[in-house]
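FYI, it's all coordinate maths here, none of it is from the lab. The structure displayed is predicted, hence computed values, not measured ones. All Cβ positions, glycine included, derive from the backbone under ideal geometry; neighbour counts span all protein chains shown.
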């Protein structure tokens, strides 16, 4: 152990005391190698709770209980785990050695970088900064610009120009009403599919991936993970979970796939549950922000409910599932100014990937709606959902939101957009629908991935909980708004 490396006084005193209590030397009492390391190294490992040497010392050392008392006393002197305290001491020494050994010709730029690094990871400045980034990046850029300006203009263009033209051409080419309804009119493959994809989904996808690529290339996301680590520990997660949770704002299916990188099965299950229940996918988020942005009260209620559910469900799940929170290590890249070409290339590639994934699904979905209307199955399913909608205090037409949402969350969000534009879903009912849809069951693609990663038992448990919990929260929110007589 290098004499340059000195730990905090409490640790050094504890190490000295533990060394004096250790009776077995490196060769052992019978000349057999008991500890292949020095006493100080062994004491340091015991303080950090190394499981292998802990069990070995427990068997060999007659004064182990006294050693354990010393360790507990040292642990009580620090608010952070001793593993972290030791790691910080080593990091500080290695940094001093590096600084003394390297000729730094960019001292000013590195000092500036260190200043901004501390600005992003220090809780006092980091959390307000993250709120500002979320406000301008997600609320203003995606919600107001992506949905409010681009989306609405494209929606008007399709509704007033493109779709009437398609209906007219289809009526001329196909005299059969059945085929006309398959291709055009209200739920046709071309009219419904193209309007949903281009007018509603496309502006949201492009603006989100622009923001995400910007944060990614700047080096901010790993710092956000570092900042959120301590908060997520209470939910049974680590800072590493921030990445799939943020990805969930883009696509819940890909975010669920990203949970594979998490350290323990417990953490993967908790993250998967939160993604399925609380984290809205990109079309949902964009549409909800766009619709609720007209009323700050409505937006605050929605955000407050989702945040509250996120915290409560995370805390309860962490208590119920056995195991400890995972340790967290992450490489922090340097902060840098993103290159415009890189941002555009990433946005283009990701947007293309996303649209390719939903085009076939939208075509299939339009065909299923067509078949459902021909066979009468759609009406049966909507009738089954109608009592639940009434229980939630919603119009019966809201059944389409949740029926469509079973296939993909995109469809549910787009259907809610249509109902709002039709004047059916406004005010209190819009808030209740937005909260319930956000918490509602994940789409089929995400369901299939959860099944593949966690098995049938966990998948059914997550799905059943999400369905019941979503409708229950919608009911309670509706009752609360009625009692408080909240106006929008």
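Please label the shape of the stretch 9-102 as rounded, prolate or oblate, based on the square roots a ≥ b ≥ c of the eigenvalues of the alpha-carbon gyration tensor (a/c under 1.5 means rounded; beyond that, a/b larger than b/c means prolate, else oblate). Display every interim value, and only then the final one.
Details: a/c = 2.55, a/b = 1.52, b/c = 1.67.
Oblate, because a/c is 1.5 or more while a/b does not exceed b/c.
Quick one: grab the alpha carbon gyration tensor of the stretch 366-417, order the square roots of its eigenvalues as a ≥ b ≥ c, and give me rounded if a/c is under 1.5, else prolate or oblate depending on whether a/b is larger than b/c. Oblate is the answer for the stretch 366-417, as a/c is 1.5 or above yet b/c matches or exceeds a/b.
Peptides 88-98, 427-437 ordered by packing proxy, namely the average of other Cβ atoms within 10 Å per residue, highest first: 427-437, 88-98.
Taking the C-alpha atoms only, the angle from helix 64-76 to the longest principal axis of the chain is near 60 degrees.
Placing dummy labels 7 Å off each Cα toward the beta-carbon, the span from residue 452 to residue 341 is 3.5 nm. Recomputing Rg/Rh (Cα atoms, Kirkwood Rh) from the coordinates shown identifies the correct label among [x] 1.46; [y] 1.09; [z] 1.25 as [y].
The simple Förster model, with R0 at 35 Å and r as the Cβ-Cβ distance, assigns residue 179 and residue 379 a FRET efficiency of 0.95. Counting only alpha carbon atoms, the long axis of helix 296-320 and the longest principal axis of the chain meet at about 50°. Inter-label distance, residue 58 to residue 390: 6.2 nm, where each label sits 7 Å from its Cα along the C-beta direction. A crude spin-label estimate for the pair residue 80 and residue 152, with each label 7 Å from Cα along the Cβ direction, gives 4.9 nm.
Cα centroids of the stretch 70-91 and the stretch 355-433: 54 Å apart. Compared with the dominant Cα axis of the chain, that is its longest principal axis, helix 282-292 is turned about 70°.
For the pair residue 124 and residue 485, a Förster radius of 41 Å applied to the C-beta separation gives a FRET efficiency near 0.60, rounded to the nearest 0.05.
Suppose R0 equals 56 Å; then what is the FRET efficiency for residue 465 and residue 96 from their Cβ-Cβ distance, rounded to the nearest 0.05?
Working: r = 51 Å, r/R0 = 0.91.
Once rounded, the FRET efficiency stands at 0.65.
Rounded if a/c is under 1.5, else prolate if a/b beats b/c, else oblate: with a ≥ b ≥ c from the C-alpha gyration tensor eigenvalues square-rooted, which is the stretch 410-452?
Oblate, since a/c reaches 1.5 and b/c is not below a/b.
Once C-alpha pairs closer than 8 Å and six or more residues apart are averaged by separation and normalised to the residue number of the chain, the relative contact order reads 14 percent. Our summary of shape: the Cα atoms of the stretch 164-258 have principal axis extents of 64, 27, 16 Å, ordered from largest down, in whole angstrom. Note down the Stokes-Einstein diffusion coefficient of the stretch 111-211 in µm²/s, whole number, using a Kirkwood radius over alpha carbon pairs, 37 °C, and 0.692 mPa s. Value of D from the Cα-based Kirkwood radius: 200 µm²/s.
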